[in-house]
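Engineer: Before I ask anything, here is the structure I am working with.
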Amino acid sequence: MEKEKLAIHGGNPIRETRIDYGRQWIGEDDVKAVAEALTGALITCGPRVAEVEKRLAEVTGAKYAVVVCNGTAALHCAMIAAGVGPGDEVITTPLTFAASANCAVYVGAKPVFADVNPETYNIDPDSIEAHITDKTKAVVAVDFTGQAVEHDRIREICKKHNLTYVCDAAHAIGTKYKGQPEGSIADMTCFSFHPVKTITAGEGGAITTNDPELYKKLRLASQHGIVRNPDDFVEKNPEGIWYYEMQTLGFNYRMTDFQAALLTSQLKKLEEFSNRRKEIVKMYDEAFADVPEIIVQKEIPESDTTRHLYIIQLDLEKLSCTRAEFFQAMSAEKVQCQVHYVPVYWFPFYQNMGYTKGLCPNAEKIYKGIMSIPLYPMLSDEDVQSAIAAVKKIVNWYRK
Ligand SMILES: *Cc1c(COP(=O)(O)O)cnc(C)c1O
C-alpha cells in the first residue's frame, strides 16, 4: 500500500472535524422529560426516583435497585452494605477506573489487585483465588469495556470463601451473561450513568441486588442512615408523626428527580443504543481482522456485550513507533482516542501506600499498547470508516 503522509507530519487529516472516543446522545424526548420534572413540585426525593428504580430493576432483572448520584457513590455504598471495613481486603482489577479500588479505601480496607486475562482483559478468576487471604471480604469484578466477567467461576469462588461478590458494571448496562442481564448476577451490581457511559443521567449511579438485607443497607448508606417507615424504627413510641430515625452513619448520595427523569428517558433507548454500539463494534472487528499490527479484545461466548469502549492494542514489535506517537498521530487525523486505563496501582496515591509496579504483569503489558477509539451510537458509518482509515493509515506508515 502507498504510504500517505500523516497529518502529524503535515499531511491532510483523514477528517475535517474532530470525533471523540465517547459522548452522550441527548434527544428532544430527553429534554422534554427533564423540563417536565423541573416544573414538578419535588425536584429531589420525588416520584421520578422511585419510577426509575422500578425501571432499572425490570431492565436488569434484579429485585431491587437504588439510584445514587454517581457510580463511585454506588461502589462506596456497596462496600458499606457488604460490611467491609478497616483490616479487610477487597480483590479487584488494576485495569479499571480508580473508583473500583478507591471504594475499598473509603471504608478503611485494602484493595488487592488480581491480574487480568491477557486476551479478554477481564479479571482472571485464578488470580482472584491466588490472592485470597483470611482478611479478604469482597471481590469487585469489573465488566471491562462492557464484556461480562466469568461470573460462574467468580461466584463459585466467592461462595466457597464466604466473600461478597460486587460487580462494577459501570461499562456494562445492557450486557447479558448466558442470557441473564447484568445487575442480577453478582450479590450487588454497580452502574454509572456518566455521559460517556451507554446511558446517562448527567451524573448518576445505581446498585442492584436480589437480597432484601443488602437492599436495606444500601438505602441507609445512601440516605444519611435515615429510615422513615415506622415499622423499621428502633424507637417504638415516637412523640409525633414528624419523627424519622437515623440508625447508621450514611451519606447524602441522592439522585435528583430531573436526573431520574433523564435516566428513565434514556433507558427507553437502551436497546437502540446497544444495537448501534454492536454494529460499530462489528465494523471495527471486521476492519482490523486482517491488520496483524492491531490486536482486538477477545470475547467470551457467554457474554452478549453492549460494548462501552472499543480498544485497539498495538503490537509494538511490528511497528516503528511508540504508543504515544500513534496516539498523537490519531489526534492529528482528528480522531481523538483515550487510554483505558493506567493500572490503578501505578498512580502516586497507591505508590505512596506501598504498591509497586510489576504486581500484575498481564495488565501492565496490555496497558502499554492500548488506546480506545471512538465508540458511541451517534457516530455515523462515515465517522466509523474514518476512524478505521486513520488507524490503517498510521499502521501503514509505521509498519516495520
Ligand atoms: C465510570 C466508572 C466508575 C465511576 O462512575 P462515576 O459515575 O464516574 O462515579 C466506576 N467504575 C468504572 C469501571 C467506571 O468506568
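Engineer: Taking 0.36 nm per residue of sequence separation and subtracting the Cα-Cα distance, how much length would be gained by fully extending the chain between Asp152 and Asn12, in nm to one decimal? Before the final figure, lay out each step's value.
Structural biologist: On the way: separation 140, 0.36 × 140 = 50.40 nm, distance 4.97 nm.
This chain segment gains 45.4 nm when fully extended.
Engineer: Which residues make up the longest stretch of the chain clear of GluC sites (Glu not before Pro) that lie in a DSSP loop with no more than 12 other Cβ atoms within 10 Å, not counting the sites? Could the numbers behind the result be given before it?
Structural biologist: Working: sites that count: Glu2, Glu16, Glu235, Glu239.
That gives 17-234 as the longest site-free run.
Engineer: How would you classify the stretch 28-267 from its alpha-carbon gyration tensor, with a ≥ b ≥ c the square roots of the eigenvalues: rounded for a/c under 1.5, else prolate if a/b is greater than b/c, otherwise oblate? Please report the intermediate quantities before stating the final value.
Structural biologist: Details: a/c = 2.15, a/b = 1.30, b/c = 1.65.
Judged from the Cα gyration tensor, the stretch 28-267 comes out oblate (a/c at least 1.5, b/c at or above a/b).
Engineer: Based on Cβ point charges of +1 for Lys and Arg and -1 for Asp and Glu, what charge dipole magnitude is obtained for the stretch 5-117 about its Cα centre, in debye rounded to the nearest 20?
Structural biologist: Values: 10 positive and 12 negative charges, 46 e Å.
In debye, rounded to 20, the stretch 5-117 gives about 220.
Engineer: How do His76, His9, His224 rank when sorted from fewest to most other Cβ atoms within 10 Å of their own Cβ?
Structural biologist: Details: His76 25, His9 9, His224 17.
The most exposed by this proxy come first: His9, His224, His76.
Engineer: Cα to Cα, under 15 Å, and not fewer than 8 places away if on the same chain: which aspartates and glutamates meet these conditions relative to Lys334?
Structural biologist: Within reach: Glu16, Asp20, Glu325, Glu382, Asp383.
Engineer: Could you please state, rounded to a whole Å, how far the C-alpha centre of the stretch 353-375 is from the C-alpha centre of the stretch 86-101?
Structural biologist: That distance is 15 Å.
Engineer: In the structure shown, do any of Lys318/Lys393; Lys54/Lys217; Lys63/Lys217; Lys110/Lys365; Lys176/Lys278; Lys54/Lys216 have a Cα-Cα gap over 20 Å, and if so which? Present the calculation step by step, with values, prior to reporting the outcome.
Structural biologist: Values: Lys318/Lys393 15 Å; Lys54/Lys217 18 Å; Lys63/Lys217 15 Å; Lys110/Lys365 24 Å; Lys176/Lys278 13 Å; Lys54/Lys216 16 Å.
The pairs that break the limit, which is 20 Å between Cα atoms, are Lys110/Lys365.
Engineer: Right, here's the next one. Taking the Cα centroid of the stretch 276-324 and of the stretch 18-32, what is the distance between the two, rounded to the nearest whole Å?
Structural biologist: Comparing the Cα centres of the stretch 276-324 and the stretch 18-32, I get a distance of 24 Å.
Engineer: Among Ser184, Leu95, Ser274, whose Cα sits farthest toward the positive end of the charge dipole of the chain (+1 at Cβ of Lys/Arg, -1 at Cβ of Asp/Glu, about the Cα centre)?
Structural biologist: Going by the charge dipole, the pick is Leu95.
Engineer: Considering only the chain, what is the antiparallel percent among its DSSP beta bridges, to the nearest 5? If you can, show how the numbers build up before the last one.
Structural biologist: Working: 28 of 45 bridges.
Close to 60 percent.
Engineer: Just the number, please: percent antiparallel of the DSSP beta bridges in the stretch 28-267, rounded to the nearest 5.
Structural biologist: Details: 17 of 33 bridges.
Close to 50 percent.
Engineer: Ratio to report: Rg/Rh of the chain, with Cα atoms as the point set and Rh obtained by the Kirkwood method; give two decimals.
Structural biologist: Numbers: Rg = 22.3 Å, Rh = 22.2 Å.
With Rg and the Kirkwood Rh in hand, the quotient comes to 1.00.
Engineer: Would you look at the GNM of the chain, springs on alpha carbons closer than 10 Å, and say which of Phe347, Phe144, Phe326 moves the most?
Structural biologist: The residue with the greatest mean-square fluctuation here is Phe347.
Engineer: How large is the helix-only mean residue ellipticity at 222 nm for the chain, computed as the sum of -39500 (n - 2.57) over DSSP H runs with n ≥ 4, divided by its residue count, in deg cm²/dmol to the nearest 500?
Structural biologist: Details: 13 runs with 143 residues, N = 400.
After summing the helix terms and dividing by residue count, I get -11000 deg cm²/dmol.
Engineer: Evaluate E = 1/(1 + (r/R0)^6) for Ala50 and Lys365, where r is the Cβ-Cβ distance and R0 equals 56 Å; express this FRET efficiency to the nearest 0.05.
Structural biologist: Numbers: r = 46 Å, r/R0 = 0.83.
Efficiency computed from Cβ-Cβ geometry: 0.75.
Engineer: Name the most mobile residue of Pro301, Pro94, Pro230, meaning the one with the largest mean-square fluctuation, in a Gaussian network model of the chain with Cα contacts below 10 Å.
Structural biologist: Of Pro301, Pro94, Pro230, the most mobile in the Gaussian network model is Pro230.
Engineer: When the chain is modelled as a GNM with alpha-carbon springs shorter than 10 Å, which of Met246, Met255, Met330 fluctuates the most?
Structural biologist: Between Met246, Met255, Met330, it is Met246 that shows the largest mean-square fluctuation.
Engineer: Nearest 0.05, what FRET efficiency do Lys400 and Asp285 give at R0 = 25 Å with Cβ-Cβ as r? The partial results should precede the final answer.
Structural biologist: Values: r = 24 Å, r/R0 = 0.96.
The formula returns an efficiency of 0.55 here.
Engineer: If r is the Cβ-Cβ distance from Ile241 to Leu42 and R0 is 22 Å, what FRET efficiency results, to the nearest 0.05?
Structural biologist: Here the calculated transfer efficiency is 0.70.
Engineer: Also, quick follow-up: Of Trp397, Trp346, how do they rank once you tally other Cβ atoms within 10 Å and put the fewest first? The partial results should precede the final answer.
Structural biologist: Details: Trp397 20, Trp346 17.
With the sparsest Cβ surroundings first, the list reads Trp346, Trp397.
Engineer: Choose one of Met283, Val344, Leu163: the residue whose Cα lies farthest towards the positive end of the charge dipole of the chain (beta-carbon charges +1 Lys, Arg; -1 Asp, Glu; about the Cα centre).
Structural biologist: Checked the options; the winner is Val344.
Engineer: If you take every DSSP beta bridge whose two residues both sit in the stretch 117-197, what share of them, in percent to the nearest 5, is antiparallel?
Structural biologist: Details: 2 of 10 bridges.
Percentage antiparallel, nearest 5: 20.
Engineer: At Ala389 and His131, where each label point lies 7 Å from the Cα along Cα→Cβ, what is the point-to-point distance in nanometres?
Structural biologist: So the label points at Ala389 and His131 sit 4.3 nm apart.
We did not get these values from a lab; they are worked out from the coordinates using the rules stated. Since the structure is predicted, the reported quantities are computational estimates derived from the model, not experimental observations. Every residue, glycine among them, receives a Cβ derived from its backbone with ideal geometry; neighbour counts consider all protein chains shown.
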